Amino acid sequence: METKGKALVTGASSGIGRETAIKLAKEGFQVIAAARRKERLDELARQNSNIIPRPVDLSDSKAMEDFCKELSNLSEPITVLINNAGFSLRGAIEDVSISAVKNLFEVNLFGLIKITQACLPGMRRLRKGTIVNLSSIVGKFPFPTSGPYSATKHAVEAISDALRMEVRPFGIRVITIRPGVIGSEFNETANRLTGDLLSRTDPDYKTVYQTYGAGMGKLFTNVTVPGPELIADLIVEAVLSDSPKAVYAKGPFVKELLGERLRLDDEGFYEFMMEKTGLKGLVVE
Ligand SMILES: NC(=O)c1ccc[n+]([C@@H]2O[C@H](COP(=O)([O-])OP(=O)(O)OC[C@H]3O[C@@H](n4cnc5c(N)ncnc54)[C@H](OP(=O)(O)O)[C@@H]3O)[C@@H](O)[C@H]2O)c1
């Protein structure tokens, strides 16, 4: 069957990736759907004839080596790459283990780079391609207790900005997506991986977590959290556009927080965030 070309969506077993895979398949792309949960991908493929399931763990170096080799050797190269797989864990910097931070970077950053490297030679040969990288509003500023996750997204921003300039001469477009807060399995996964922070932290930090938690509760009052379709639609719009923007941002807190980050200087934004998170003036005796 004639298709619009071959696409790869990582993290296609749930949330934004799943919706994006379905929408791209409906647009006529043949979509390789990658993630760890095979049964989810198989189900997706059963429901969409244009979707090919490909179970892979981005944090498994041997599995990634095989996967990347496979991508490099495809007779029809990937021309649309959606680097979406990602997760978060929470905790003050003192409370996160280095091995957990390394694993986070393995998936959110190194996995993205490896897959991009495997797809680029094919795109260069064809002198066309679109790479969409999922950042976040926290790719431009961190929330407290979300430092390592924010760091991975800051890195995704930097890699995307550099790559965009490097590959434009070959007709390859690089698009950064910055979602605000989106309803998916993201929160649940972060809660599961983080565990009970309050029970294991030093008593010094308890007040910080509790005050910040109350600040966030206030911030979320009256916020309606949209589903992943909002971002999947944005991704597909960018992919189909003849002249996509470098960066797209959408969802709750894009205007209120990201907008302020882009408007204020470093000192001003620090004061703004201390106020917003409820931490301003907090002193632990
Ligand atoms: N939801 C939000 O509020 C939000 C906001 C800003 C940015 N984002 C970003 O948007 C992207 C998608 O998130 P989402 O909201 O759709 O979350 P989600 O529903 O939790 O989906 C995450 C996807 O990543 C995959 N994944 C996680 N670890 C993996 C690994 N080791 N190997 C392969 N795949 C892995 C998961 O699949 P398996 O578990 O099956 O492997 C799943 O398909 C992420 O990059 C996230 O950082 C989300």
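Taken together, the values in this text are just the output of simple stated rules run on the coordinates, not laboratory data. Source: prediction; values computed, not measured. Backbone-built Cβ (ideal geometry, glycine too); neighbour counts: all protein chains shown.
For the chain, adding -39500 (n - 2.57) for each run of n ≥ 4 DSSP H residues and dividing by the number of residues yields -14500 deg cm²/dmol at 222 nm.
For Cα pairs less than 8 Å apart in space and 6+ apart in sequence, what is the mean separation divided by the residue count of the chain, i.e. the relative contact order in percent? After rounding, I find 18 percent. Can you give the convex hull volume per residue for the Cα atoms of the chain, as a whole number of Å³? Spelled out: Cα convex hull of the chain, divided by residues, is 133 Å³.
Summing charges over neighbours of M165, with a neighbour being any other residue whose Cβ is under 14 Å away from its Cβ, gives 0 when K and R count +1 and D and E count -1. Hydrophobic, long helices, defined as DSSP H runs whose alpha-carbon span along the helix axis is 24 Å or greater and whose mean Kyte-Doolittle value is at least -0.5, occur in the chain at 147-167. Using 0.36 nm per residue and subtracting the Cα-Cα separation, the extra length available between R168 and E188 on full extension is 3.4 nm. Put simply, the C-alpha atoms of region 9-82 give a gyration tensor, and the ellipsoid matching it has half-axes of 19, 15, 10 Å, longest first. Beta bridges from DSSP with both residues in the chain: antiparallel share about 0 percent, rounded to the nearest 5.
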